[in-house]
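**Student:** Here it is, the structure in full.
Derivation of every value follows stated rules applied to the coordinates shown; laboratory data play no part. It should be emphasised that the depicted structure is a prediction, and the values quoted were computed from it without experimental measurement. Please note: Cβ atoms are built from the backbone with ideal geometry, for glycine as well, and neighbour counts cover all protein chains shown.
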């Protein structure tokens, strides 16, 4: 077997070839120097125990939370405090020497290091509180399927889905607020006008046009949610209803202000390729670059389209899949697909089965939508819901975090700054294709076509987002690419999904491609683990190991599962200081 220094693994198969083709961009040199002054052996004279890391982590998380003033986070004060105090936290982390710790403990060290790099990137580059109006859209109408909300997220958002009055799923019925809920909700609603007054001051210097335009839509959606909330509580809690109406009035006024100011915002919104790569490598801990992600997206886009055409040819004599015609048919289709999916997973020993897994899916069933309002994912689910149940490994991930919390306090709560994205979105996306290859659709070959269509749209939207971050495309042009390369016209400009996705990926570097790059990295890990275990390898064991490690970047997951740390050493060997790229 070749040594790790010879193998220089970045990604499996064709991805490695792509890296070589691009002149070794993002290669993992085996060095211990870190871009932020940290190394795997610790700083000179470094010492300390894992327990000290846990204490530092508690202080760090408290430091990262802005102070609430009049119920709303004060980001102007927080920015000053972060700029003054971050260096001390990084020095304290560098003073710890994790080299003698267990691998899981060293992995936790690197998670904390990545979070500190994430705040540094926010302070110097993203500055969402000063550039991104949608950052201040603080009302959440549904639970994210990921460990935390995607993209830069305001501290202390109002999560309506946590309240009994707000239907959590399509099958939920609203219930009156308890007195405690009513008091808490009213306080959160009253903070919204305060927050938006501060937002006007904080955003005054923003020139990021596409972020500005996307913010208008975000506040239009927040207004609609607050209007609905006011209607739900008007007969049961007058105080909450009044607070909701006041919050809506402030929201509408803020949206009007954004629209009035939009014409004067003419600057770019992307972070540029060098800063994007720095974020991938130092925050997300991905052993790839912007250029390599472009190559991966282009390759996957071609592979998905070619595979779709081959699948269509194979199925040319079979009837097309017909979408559900009405809510009753759709409900029966969904329940049947959940039963079939769970039976397949158990009988084929794909994943460790827990008693809550079927319930986790049934609690989030899809709503029927008529053809004229059916978005991309509705097109898939109304034909074969299992194509999305595979992606909703997400819900099992969340259930694992709740039912089987990790022993490490550092991994019990979601890692900050979407550092989990390669693992969360990568596994969910990978499951779509892996389960197809494992035989899930052997009795329904037309469903295989949907899997390739979903990969095509994920590659297209990721590619569009990459060129938006390089400022080669506007957000609208990235959407055009997304629409053009999605088969069968399933991605439509007249529905909200397109704008939401491209706006999210512009707000959060790395997110758009993470579905595909994460899946490919996990495939590489699966192959490596199979070679390592030989006859002892099984899918059930592999997915059990992945679940047990928690929601961590794939590079750290690989280290914990295989014992090989060359990727993380290679990432630390990149000694490019962030400030030199500004």
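**Student:** Applying 1/(1 + (r/R0)^6) with R0 = 22 Å to the Cβ-Cβ distance of residue 252 and residue 197, what FRET efficiency is obtained, to the nearest 0.05?
**Tutor:** 0.95
**Student:** I would also like to ask the following. With each pseudo-label sitting 7 Å past Cα toward Cβ, what's the residue 484-residue 373 distance in nm, one decimal?
**Tutor:** Each label point is offset 7 Å from its Cα along the Cβ direction, giving 3.2 nm.
**Student:** I would also like to ask the following. Can you give the FRET efficiency to the nearest 0.05 for residue 576 and residue 76, using r as the Cβ-Cβ distance and R₀ = 25 Å?
**Tutor:** That pair, residue 576 with residue 76, gives E of 0.25.
**Student:** Let me ask you something else. Report the calculated FRET efficiency for residue 496 and residue 562 (r = Cβ-Cβ distance, R0 = 30 Å), to the nearest 0.05.
**Tutor:** Working from the Cβ atoms, E equals 0.10.
**Student:** What are the equivalent ellipsoid semi-axes of the range 131-262, built from the alpha-carbon gyration tensor (square roots of five times its eigenvalues), in whole angstrom, biggest first?
**Tutor:** Over the Cα atoms of the range 131-262, the semi-axes work out to 26, 16, 12 Å.
**Student:** Length gain on complete extension for the stretch residue 342 to residue 359, per 0.36 nm per residue less the alpha carbon to alpha carbon distance?
**Tutor:** Answer, rounded to one decimal: 5.1 nm.
**Student:** Let me ask you something else. Please give the contour-minus-distance gain from residue 536 to residue 164: 0.36 nm per residue of separation, less the Cα-Cα distance, rounded to one decimal in nm.
**Tutor:** 129.2 nm
**Student:** Now, a different point. Put a dot 7 Å past each Cα toward the Cβ at residue 91 and residue 349; how far apart are the dots in nm?
**Tutor:** About 5.6 nm, to one decimal.
**Student:** Compute the length gained on full extension between residue 227 and residue 183: take 0.36 nm times their separation in residues and subtract their Cα-Cα distance, giving the result in nm to one decimal.
**Tutor:** 14.0 nm
**Student:** Considering Cα pairs under 8 angstrom that are at least six residues apart, work out the relative contact order of the chain and quote it in whole percent.
**Tutor:** It comes to 22 percent, rounded to a whole number.
**Student:** A follow-up question, please. With an 8 Å Cα cut-off and a minimum separation of 6 or more residues, compute the relative contact order for the range 131-262 in percent.
**Tutor:** Averaging sequence separation for qualifying contacts and normalising by length gives 31 percent for the range 131-262.
**Student:** What is the chain by shape, rounded, prolate or oblate, if you read a ≥ b ≥ c off the alpha carbon gyration tensor as root eigenvalues and call it rounded for a/c under 1.5, prolate for a/b larger than b/c, and oblate otherwise?
**Tutor:** rounded
**Student:** What ranking do 61, 531, 190 get, fewest neighbouring Cβ atoms within 10 angstrom at the top?
**Tutor:** 531, 61, 190
**Student:** Counting each DSSP H run of 4 or more residues in the chain as -39500 (n - 2.57), what helix-only mean residue ellipticity at 222 nm follows after dividing by all residues, to the nearest 500 deg cm²/dmol?
**Tutor:** Computed mean residue ellipticity for the chain: -19000 deg cm²/dmol.
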